[in-house]
Amino acid sequence: MTAEFTRNHFELLGLPPAFAVDLQALERAYRELQGRVHPDRFAAASEAERRVAMQWAARANEAYRTLRNPIDRARYLLGLKGYDTGEESNTAMPPDFLMQQMAWREQVEEGLGSRDPAALEALRGEIGRERAEMHALLARALGDERNYDAGCSLVRKLRFLDRLEAEVDDALETLAEGAR
Amino acid sequence: MAYSTKVIDHYENPRNVGSFGKDEQGVATGMVGAPACGDVMKLQIKVGAGGVIEDAKFKTYGCGSAIASSSLVTEWVKGKTLDEAAGIRNTQIAEELALPPVKIHCSILAEDAIKAAIADYRKKYGEGGSGDEKKAAD
């Protein structure tokens, strides 16, 4: 089993290295792996064996958590290809994308200011559709197209959508609290 | 996290918030964003004769440090030539606002925003440096 330690997350869980992941298969593979390495099974084992089992359990958790989240999964896939998504350093997003982000953030402000939860919910729906579209583009960029630069750009864009959605949720919560 | 008094001052009383009119002459815009925190920053400059920045405005969606960094930069660039403004470094912003290490990226965003605005100006109006002052206004 030690050779498996150097395997990547996909290999470890026996899944094809693709952005489009069958979440049920991922869940099953994780449960199966976890069952094999769960520390409880090694209660009677030696100290060394238990330590190894613990490391495996941690490794399985990390693989599962990374592959379950679309942004983490895409970033991980790009890392396997030797690409850095530049989320910490790249500030030069396409102007039209940033304009759209600005406009959406203004809508959040307006929705909050005019106490309009319906407008915020509508915006939430719009963000969801945008995200689904980006996920489809990511699957293609990281699949047949092998366009890893586009993949990095999409990961950066998705981070903005996550933040925007968190702002919308905060605004909705503020309105709900005010209504109580 | 505790913000410095300077950050709080800029956050509570941001300088130069807003936008210039679409048809105003000598206006250029820099838009940047930080994926890691989802902050978006728009910084505009209005350049007059001699390639001197007469006015600046900003709009930032982000944390207090990002707002303070952009607010500070709009104050700093006024009266500067494009070349002088292009020389502003994020380290100066971070130092002035006493930003903690985890907020350094906010100052980097502000530096990138002013650079983007200057690049936009040069694209729109030509070099616009101290040499060819009239081209921009014509």
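Here, each number is a calculation from the coordinates, and none is a lab measurement. Note that the coordinates shown come from a computational prediction; the quantities given were computed from them, not determined experimentally. So basically every Cβ, Gly included, is an ideal-geometry build from the backbone, and we count neighbours across all protein chains shown.
Annotations for the structure displayed:
- Kyte-Doolittle at least -1.0, axis length at least 18 Å by Cα - qualifying DSSP helices, chain B: B:64-77, B:104-125
- Among the trypsin sites (Lys or Arg not before Pro) found in segment A:79-179, those both in a DSSP coil and sparsely packed, with 14 or fewer other Cβ atoms within 10 Å of their Cβ, are A:Lys81, A:Arg115, A:Arg146.
- Counting DSSP beta bridges with both ends in the protein assembly as shown, the antiparallel % (nearest 5): 95
- Length-normalised contact order for segment A:9-68 - Cα pairs under 8 Å, 6+ apart - percent: 43
- Each stretch of four or more DSSP H residues adds -39500 (n - 2.57); spread over every residue of the protein assembly as shown, this sum gives -19500 deg cm²/dmol at 222 nm.
- In chain A, the longest principal axis of the Cα atoms and the axis of helix A:95-113 are about 70 degrees apart.
- For chain A, the relative contact order comes to 24 percent (Cα pairs under 8 Å, sequence separation of at least 6).
- Residues B:Asp39, A:Asp144, A:Asp149, arranged from fewest to most other Cβ atoms within 10 angstrom of their Cβ, appear as A:Asp144, A:Asp149, B:Asp39.
- Volume in Å³ per residue [convex hull over Cα atoms, computed for segment A:3-65]: 74
- Largest-first ellipsoid semi-axes for chain A, taking √(5λ) over the Cα gyration tensor eigenvalues, angstrom: 38, 22, 13
- Among beta bridges identified by DSSP and lying wholly in segment B:1-70, the antiparallel ones come to about 95 percent.
- Principal axis extents of the C-alpha atoms in chain B (largest first, rounded to whole Å): 49, 26, 25.
- Size-normalised alpha-carbon gyration radius of the protein assembly as shown, reference 2.2 N^0.38 Å: 1.23
- The GNM of chain B, with springs linking C-alpha atoms under 10 angstrom apart, assigns the highest mean-square fluctuation among B:Ala56, B:Ala94, B:Ala68 to B:Ala94.
- Within segment B:5-73, the GluC sites (Glu not before Pro) that combine a DSSP coil assignment with at most 16 other C-beta atoms in a 10 angstrom radius are B:Glu24.
- Under DSSP loop assignment and at most 14 Cβ neighbours within 10 Å, longest GluC sites (Glu not before Pro)-free interval of chain A: A:1-87
- Taking the C-alpha atoms of segment A:30-119, convex hull volume expressed per residue in Å³: 198
- 10 Å Cβ neighbours from other chains, averaged over peptide A:109-117: 0
- Residue pairs exceeding 28 angstrom between C-alpha atoms, taken from A:Lys81/B:Lys124; B:Lys6/B:Lys57; B:Lys78/B:Lys103; B:Lys103/B:Lys124; A:Lys157/B:Lys78: A:Lys81/B:Lys124; B:Lys103/B:Lys124; A:Lys157/B:Lys78.
- Alpha-carbon centroids, segment A:76-120 and segment A:124-172: separation in whole Å: 9
- Cβ-to-Cβ counts within 10 Å put B:Ser19, B:Ser107 in ascending order as B:Ser19, B:Ser107, the fewest first.
- Over segment A:95-179, relative contact order from alpha-carbon pairs under 8 Å, at least 6 apart, %: 40
- Counts of other chain beta carbons within 10 angstrom of each beta carbon in peptide A:89-102 average 6.
- Convex hull of Cα atoms in segment A:95-179, direction-averaged projection (nm²): 5.4
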